[in-house]
Amino acid sequence: MNVPLVDPWRHGGDEVAADLGTSLDRGLDAGEAAARLAQDGPNELVERGGVPAWRVLARQVLSPMILLLVAAAAIVAVIGDLTDTIVILAIVILNALLGFSQEYRAEQAMSALRRLTSPMTTVIRDGTPVGIPAPDIVRGDVVSLATGDVVTADLRLLSVRGLRINEAALTGESEPAEKSVEPLPDVGAALIADQRNMAFSGTAVTHGRGTGVVTATGMRTALGQVAELIQQGGAGETPLQHRLARLGGELAAIALAVCALVFALGLVRGERLETMFLTAVSLAVAAIPEGLPAVITIALALGARRMAARRALVRRLPAVETLGSVSVVCSDKTGTLTENRMLVERVWTPAGMVRVTGHGYAPLGELDPDPGDEARFAALLRAAVLCNDATLVAPASPDGAWTILGDPTEGALLSLAAKRGLDIDGLRAAHGRLEELAFESGRRRMATLHADGDRVLVTVKGAPEAIVPLLAPGQDDAVAAMLEEADRLAAGGFRVLALAEAELASVPVPLERAERDLRFLGLVGMADPPREAAAAAIAACRAAGITPVMITGDHPATAVAIATRLGILGDGRTMVTGADLERMDPAELEAVVDRIGVYARTNPEQKVGIVRAWTRRGAVVAMTGDGVNDAPALRLADIGIAMGITGTEVSKEASDMVLADDDFATIVAAVREGRRIYDNIRRFLRYLLTTNSAEVWVMLAAPLLGLPIPLLAIQILWINLVTDGLPALALGVEPAHPRAMERQPRRREESILGEGLWAQAVRVGLLMAAATVALQAIAIEQGWAWQTMVFTTLALLQLGNALAVRSTTESLFALGLRSNAFLAAAVGLGAGLQLSLVYVEPLGALFKTQPLDALELAVVLAVSTVAFAAVEAEKWWARRRART
């Protein structure tokens, strides 16, 4: 029979081996292995179409904003101001290097994947077990697996003995997968998590041993398919980068138009060609916010530092702001929304149900209500301790947490016993283990035999349905109630184990006879409980207009139970499985994606599809994950968030941010910081566009009204680079608005100048220009030092505007100056520097100013308050309308 190798799990192991032309006893001979290695290539992951470093660097310097900066530097160099040229070019270099380092790091995800496939592997060649490097493995090799081994190729398992493999990196399933060898002809969706007779490259053996025949190597493995997904492209530009690129194009067009118009108007008025050229290009520089990348970089860096203090480590600076735009968070369950540890939360005996309280593995816990049948409950705890291979390490301090060494499920049983004050080591010493029947997937139970005086104590734990046939007669009522309760607990998302015991006179032969006539003790229901802050964080997401979505490799019932407890499900949202997704095409998923709150037992391709569906709906998507299976979706999402504790190197390399504490609540704190940063960028733009537009209107309006060119080139550059720079930087550290998390997230297509920002900048800029031009006309008529007055008035108007734009609704007098002392200092310093140009003679000579007398200075100070007063009045009117 020619077995289709794409579905080896559907067929018997001997059939698969025969199709692969290998012997189960002798494996491949050396010659055949060499031929297959030459045909298929090494068993390693291949980086396809890697981007060279020079091209990564070129992409950084060809963005619209960077090109604008280069143009501005060239213009300033033509004017002759080498200091400003150096400053602007420094900003260009800094941004290019930051972008290069960030993108280059993101490319390292493939290298991390390759490191997963590097160990030595034991195979049978010519009938002899030999250790060979993982790259030399070929299809048809018979591989031996033991506890601690890393699987280096995809295998169809041929034999297993208590084999359990941690596949969380590929499937997201929190518990190690119990392996078997039986064919699985009815596996519908062929999900990795369902293929219990397969072992996959990049996973790790946690218990037992087994053998398997290699069915796929290199890029043909499940891990290789993940690598292909990672290399199909990343997420592209962030919402902020998209908005800034669009803004850069708009400002470039404005700058060129202003430059040409002012140049033409000056020539019409008879101004000198050289003077008008310098003036026009200086004004073009003023129209370009060349400080924007610097302010954004500083704001993002400060935000990243604040987020690091909250345990969120940023790998790409734009990710800080992207979080502020997030409208959907697709989160893994295990470790992010839950504690990533199994705890017994329910104990049932025929006397009734008991709730077990106590956070984590803390040494404090209570039972509610008391067990009732104390003798049976004590026997249950004894069995939980004895039929157990885990170790409980006591805390260093009385209020510390225990550490579990061994299987998480067995650790949960020890934790339960310790919460009741049992001396675990003493109990095990008093009942030494004589024999054991190890857990196997076919038996679905474990049994241990212990010395109990001159008798033998048998303790058994396992699936309820595996224990029932072994019970002694006369327990029918307890069995019926137990099965009903087991179903109820399983439906609630608990993993259910039954415990039983028996007493024998001696160790039986054969040993399996020990599992007879057992006395049922009770059920334990265990789960990975939700994190303490997770429910509040989910509620905060909903209040902020962010849709939380759970994507997990766990069982659907477990996923639904946790999602319900956390508030993710509700409002008509449903759960779908990976098998359901297999039956949907992309258009169908896109149509219903907003109604799905939980995805269970998904594979990497499906996670990518979920992210794409939300993105096509216009959402800004954050994706969390910790496994290799999460890496493609982490790269595709607008922001990928990896887990710092449980995360694989692959997931971290593919991410934009790493959570040092694996806590979903940290994401909510990061979203708040992202919104703060975006608000501060808008404040900066509002301030800068207002002031720059005022300069443009002044330079255009004066010659149109028959007035002289109001400012010299060096005066324009001074206003643009000094009075703009310090206040703009100070606006970048403005505190977060108290209600930042109560508003809806921004739409992906929303302009960074939306919500009236552009119109207000133009409106206030026109007011500032009108006041300045009117002052120019009056000063000329009065014979005052008009150019110095215009220069100083425009500078001080901008500084007053910096104080007013801190909030769109709240007055500066309500905010106070202490809440942003940096801004107050920047405005004070800017005003002092401006006045020094007027009254310090060497500076006056350099900037062509004259000292102002008392009347002239008083007029300047009065006119300089116009913008501040107008913006404050506008905010007062907005507050009054909101109240009424």
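The values are calculated or read from the model by the stated rules, or taken from the named source; none is laboratory data. Model, not experiment: these values are computed from the prediction. Cβ: placed from backbone, ideal geometry, glycine included. Neighbour counts: every protein chain shown. Keep in mind that these areas ignore ligands, DNA and RNA; they rest on the heavy atoms of the full protein, side chains included. Shrake-Rupley method; radii C 1.70, N 1.55, O 1.52, S 1.80 Å.
Some values worked out for this structure:
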| item | result |
| --- | --- |
| At most 16 other Cβ within 10 Å, DSSP loop - trypsin sites (Lys or Arg not before Pro), the stretch 728-762 | Arg739, Arg743, Arg747 |
| Two-site label geometry, Asp454 and Ala30: point separation in nm, points 7 Å out along Cα→Cβ | 6.4 nm |
| Full-stretch length increase - Ala308, Arg881 - with 0.36 nm per residue and alpha-carbon distance subtracted | 202.3 nm |
| Of Lys179/Lys461; Lys333/Lys607; Lys333/Lys461, those spanning more than 25 Å from alpha-carbon to alpha-carbon | Lys333/Lys461 |
| Computed FRET value (nearest 0.05) for Asp126 with Ala146, which takes r as the C-beta separation and R₀ as 22 Å | 0.55 |
| Listed peptides 337-343, 388-394, 125-131, 571-577 by packing density, highest first (mean Cβ within 10 Å) | 337-343, 388-394, 571-577, 125-131 |
| Accessible area in square angstrom per residue, the stretch 499-572, 1.4 angstrom probe | 37 Å² |
| In order through the stretch 691-707: 3J(HN,Hα) via Karplus (6.51 cos²θ - 1.76 cosθ + 1.60), integer Hz, x for Gly, Pro | 5, 5, 5, 4, 4, 4, 5, 4, 5, 7, 6, 4, x, 5, 8, x, 9 |
| Ranked order, Leu843, Leu145 - accessible area, probe 1.4 Å, largest first | Leu843, Leu145 |
| Label point 7 Å beyond Cα of Leu855 along Cβ direction - residues of the stretch 785-809 with amide nitrogen under 15 Å | 785-786 |
| With all protein chains modelled, accessible area of Asp679 [1.4 Å, Å²] | 30 Å² |
| Sites Arg743 and Arg818 - FRET efficiency at Förster radius 25 Å, r taken between beta-carbons, to 0.05 | 0.45 |
| Heavy atoms of Cys259: accessible area, 1.4 Å probe, square angstrom to 10 | 30 Å² |
| Accessible-area order (highest first, 1.4 angstrom probe) of the listed residues Leu835, Leu511 | Leu835, Leu511 |
| Between the stretch 483-536 and the stretch 633-668, the alpha-carbon center distance in angstrom | 35 Å |
